[in-house]
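Below is one structure, written out as structure tokens; the observations come after it.
The values are calculated or read from the model by the stated rules, or taken from the named source; none is laboratory data. All values derive from a computational prediction rather than experimental measurement. Don't worry about glycine lacking a Cβ; one is built from the backbone with ideal geometry, like all the others, and counts go over all protein chains shown. Just so you know, the surface numbers come from the protein's heavy atoms only, side chains and all, with ligands and any DNA or RNA stripped out. Shrake-Rupley method; radii C 1.70, N 1.55, O 1.52, S 1.80 Å.
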Amino acid sequence: MSIDQDGRRRVVIEGLSPAVDCGQFPAKRIAGKPVVVTADVFADGHDELVADMAWRREDGGTGARAGGEVVMEALGNDRWAATFLPEAPGRYQYRITGWIDRFATWRRGFRKKLDAGISPADLSVELLIGADLVDAAAKRAVNLPAGGPPRGARKTGRAGRVPEAEQLRAYVERLSEEPDADPEAAFEDDLAALMAAYPDTELAVSTAPYPVVVDRPRAGFSAWYELFPRSTSADPRRHGTFADVEARLPYVAGMGFDVLYLPPIHPIGTTHRKGVNNNPQARPSDPGSPWAIGGKKGGHTAVHPDLGTLADFDHLVAATERFGMEIALDFAIQCSPDHPWVKEHPEWFRRRPDGTLQYAENPPKKYEDIYPVDFESESWEELWEALAEVVEFWIGHGVKIFRVDNPHTKAFAFWDWLISRVHADHPDVLFLAEAFTRPRVMQRLAKLGFTQSYTYFTWRTTKAELTEYATEVFSPPLSDYFRANFWPNTPDILAVQLQSGGRAGFIARLVLAACLSPSFGIYGPAFELGERTPIAPGSEEYAHSEKYEIRTWDLARMDSLSELVAQVNRARRQHPALQGPPPVFETIDNDQLIAWSKVSEDGTDVVIVVVNLDPVYAQSGWLTLDLEPLGLPVDAPYVVEDLLTGSRFPWSGPTNFIRLDPIALPAHILAVRPPARPADEP
């Protein structure tokens, strides 16, 4: 009989968290925030165990930022936990090691025998067993390899090993000396620390390393604003420029956004150019779709000449940073028929039997002005390199965020390769996946490295749908790798609830997106100006979409929601509870009212949000809170302050009345103020 394992290793380690597909893909975390690692560590029998978590940054380095070891804490029921703090973006890994602590096991049994009244004189053999265990530790201290303690050993910070070996030998004498053995020596803290410093890890069990990608804070908390640069001109007769976008920065920053997302800024093809409202026959004055990338002036590394120059773009990037924001650039892997690649690399495109190149389709829609690239091309390696060079080009011009158009129609292997390559040199670069497709595909893209993901939020409208979906995306295991970014609208999606919900519908969707998700975005100025006319009944396409024509927007309109947007973003910035913790849905006895709470990681900030989903009629109900997780008293009053209006409401106990009239405001964002404490009595 052949046995291919060491049967003496009895420790089992399972149920690791965070872990994505058993460590096949990295979990995602944020720099500067603790990473809590948990696992089930157990063995047969009743021996005492020790579990150790070691972590390190994969690219090496030295010092506290590069890695370390942490003794795990037993939580009960064989669950263990430890924490490490990654201070900088990058790729990290952790590993858990567990072993049987024979000395702790012996000491526990020895104490029970003493407590049972057994005389120390009758426990001489037990004392010798303990002395042997301590003696073995003394020998490990002397024979310690130059590299330091064995894997999993606890470090004590003592200066030398020989003095510690001598201390251990002194304990051996105290435990074994006849007839004056000292049984209480077994329970001294100094001995416990020494034994922990030099454990017997010969039969320790270690897991494989589990990866964790750590991103900069904006990956976990961000507010996005999308605009078309060509529509920013104050003169309706002139194409907008990068300088016009720069003039728009105070407006965008004033609303509290920190990411300014620009659709493609490249030259636009003229062949099969689309006209107004996606008309297949364009007029000479029609500007075409920015996603029909490439023309005589260049391709993915060129800028549309009507927008300005690369130097103008660099100036815009710098100006955006001065406003505390940064540019997110669209990365669309497709070409117009006039793109230089079409002539230079026809092998990168799929050719149909009639000899023409395959244009993009989403039946019944046809996009004759766009050629998708062929990821099954025989020249796929050259194609991958060219696309990587595009990303690296824009990184060189200060772009650290990319919104990727339709990544689900490109090869998974490509994204795995590209994102890993970019992050090897630029761990602070973020990628947002614009993939409205099947859940497994969206999740796979997140596993492969996309920092954030668009979601189905736009189509979740009822209380039940919103509760179920938000609970799914903001809870493990999905939230360990899938970072949701909620958008009420995009240039492609004019949601039905915005078409029919009026002003109240826009406000409700804004508060839902911004307060359910740490990251959200709006397509403006269409959103804050209430643009809601579809191209046809039942369509989600905008009439006179900016995708096909230049628009002029009156930002000073009296009915603009810009100030309300600013108030919502101000609440998000001022309240840590809205910056990351998942929503906990609270009970309210009206299906047209949805309520949830959020509590900051340190428990000091509590926010309760209530939204009326009915855009027409006032709705009321009794809100019942679970007070204990909120840190609220059961038998004392407290105050909630509406961050949108400044109104303050005295509440008491778990159940309080809510009424929201959409004509006034269809939502509350309520900051919980701590209850007043009575003055100290003399």
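When the pairs K410/K463; K366/K410; K297/K447 are compared against a 28 Å limit on Cα-Cα distance, K410/K463; K297/K447 fall above it.
Each of H397, W348, Y359 was scored by the projection of its Cα onto the charge dipole of region 337-453, and the greatest displacement toward the positive side belongs to Y359; charges sit on the C-beta of Lys, Arg, Asp and Glu. Taking label points 7 Å from Cα along the Cα-to-Cβ direction, E601 and D635 give a separation of 3.6 nm. Between T271 and D338, the built amide H atoms are under 5 Å apart, and every one of these is 5 or more places off in sequence or on another chain. Under conditions of 4 °C and 1.567 mPa s, the chain yields 45 µm² s⁻¹ as its translational diffusion coefficient, taking Rh as the Kirkwood radius over Cα pairs in the Stokes-Einstein equation. Helix 102-115 versus the longest principal axis of the chain: what is the Cα-based angle in degrees, 0 to 90, to the nearest 10? Rounded to the nearest ten degrees, it is 50. Neighbours of F25 by Cβ distance under 15 Å: Lys/Arg scored +1, Asp/Glu scored -1, total +2.
Looking at the chain, the accessible area is 45 square angstrom per residue; that uses a 1.4 Å probe and ignores ligands, DNA and RNA.
Cα centroid separation, region 370-424 to region 465-501: 26 Å. A cut-off under 15 angstrom between Cβ atoms defines the neighbours of E347, and their net charge, with Lys, Arg +1 and Asp, Glu -1, is -3. Wrap a convex hull around the Cα atoms of region 386-539, take a quarter of its surface area, and give that in square nanometres. One quarter of the hull surface, i.e. the mean projection, equals 10.2 nm². Share of carbon and sulfur in the accessible area of region 46-125 stands at 48%, probe radius 1.4 Å.
The peptide list 33-43, 623-633, put in order of mean Cβ contacts within 10 Å with the highest first, becomes 33-43, 623-633. A simple spin-label model places the labels of D626 and V142 5.8 nm from each other, with each point 7 Å out along Cα-to-Cβ.
Derived scalar couplings between HN and Hα for region 580-590 equal x, x, x, x, 10, 6, 9, 7, 9, 8, 8 Hz in order, rounded to whole Hz, by the Karplus curve 6.51 cos²θ - 1.76 cosθ + 1.60 (θ = phi - 60°), x for Gly and Pro.
What FRET efficiency would be calculated for the residue pair D189, E166, taking the C-beta separation as r and a Förster radius of 22 Å, to the nearest 0.05? After rounding to 0.05, the efficiency reads 0.75.
Remark on F25: its backbone amide H falls under 5 Å from those of V20, a criterion applied only to residues 5 or more positions apart or on other chains, H modelled at 1.01 Å from N. Antiparallel beta bridges, as assigned by DSSP with both residues in the chain, represent about 70 percent of the total such bridges.
Residues of region 86-120 with an amide N closer than 15 Å to a point placed 7 Å from the Cα of E48 along the Cα-to-Cβ direction: 99-115.
Derived scalar couplings between HN and Hα for region 543-555 equal 6, 6, 5, 5, 5, 10, 8, 8, 10, 10, 10, 8, 5 Hz in order, rounded to whole Hz, by the Karplus curve 6.51 cos²θ - 1.76 cosθ + 1.60 (θ = phi - 60°), x for Gly and Pro. Taking the protein heavy atoms of region 195-349 in the context of the full set of protein chains, the accessible area attributed to carbon and sulfur is 53 percent at 1.4 Å. Look at the dipole of region 539-682 built from charges on Cβ: of I588, A571, S620, the Cα furthest out on the positive end belongs to A571.
Computed over Cα pairs, the Kirkwood radius of region 518-622 leads via Stokes-Einstein (0.890 mPa s, 25 °C) to a diffusion coefficient of 146 µm² per second. In terms of packing, defined here as the mean over residues of other Cβ atoms within 10 angstrom, the peptides 136-142, 398-404 line up highest first as 398-404, 136-142.
Scanning residues 5 or more positions from R673 or on other chains, those with amide H under 5 Å from its amide H are V639, V640, E641, with H placed 1.01 Å from N in the peptide plane. Here the Karplus relation 6.51 cos²θ - 1.76 cosθ + 1.60, evaluated at θ = phi - 60°, turns the backbone of region 73-80 into coupling constants of 9, 6, 8, x, 6, 6, 9, 10 Hz, with x for every Gly and Pro. Computed about the Cα centre, the dipole magnitude for the chain is approximately 1680 debye when only Lys and Arg (+1) and Asp and Glu (-1) carry charge, each at its Cβ. Projecting label points 7 angstrom from Cα along Cα→Cβ for Q574 and A411 puts them 5.2 nm apart.
Estimated from helical segments only, the mean residue ellipticity of the chain at 222 nm is -8000 deg cm²/dmol, where each DSSP H run of four or more residues counts as -39500 (n - 2.57). Over region 361-516, with every protein chain in place, what whole percent of the accessible area is carbon and sulfur at 1.4 Å, could you tell me? The computed percentage sits at 51. Could you give the angle, 0 to 90 degrees to the nearest 10, between helix 124-142's Cα long axis and the longest principal axis of the Cα atoms of the chain? Taking Cα atoms only, the helix is inclined about 50 degrees.
Here r is the Cβ-Cβ distance between D314 and L555 and R0 is 25 Å; the resulting FRET efficiency, rounded to 0.05, is 0.45. Placing unit charges on the Cβ atoms only, positive for Lys and Arg and negative for Asp and Glu, gives region 452-589 a dipole magnitude near 320 debye about its Cα centre. Assuming charge only on the beta carbon of Lys and Arg (+1) and of Asp and Glu (-1), the dipole of region 226-285 about its Cα centre is about 420 debye to the nearest 20. Per-residue extension of 0.36 nm, minus the Cα-Cα distance of D132 and V12, leaves a gain of 40.5 nm for this segment. Charged neighbours of L430, selected by a Cβ distance under 9 Å, balance to +1 (K, R count +1; D, E count -1).
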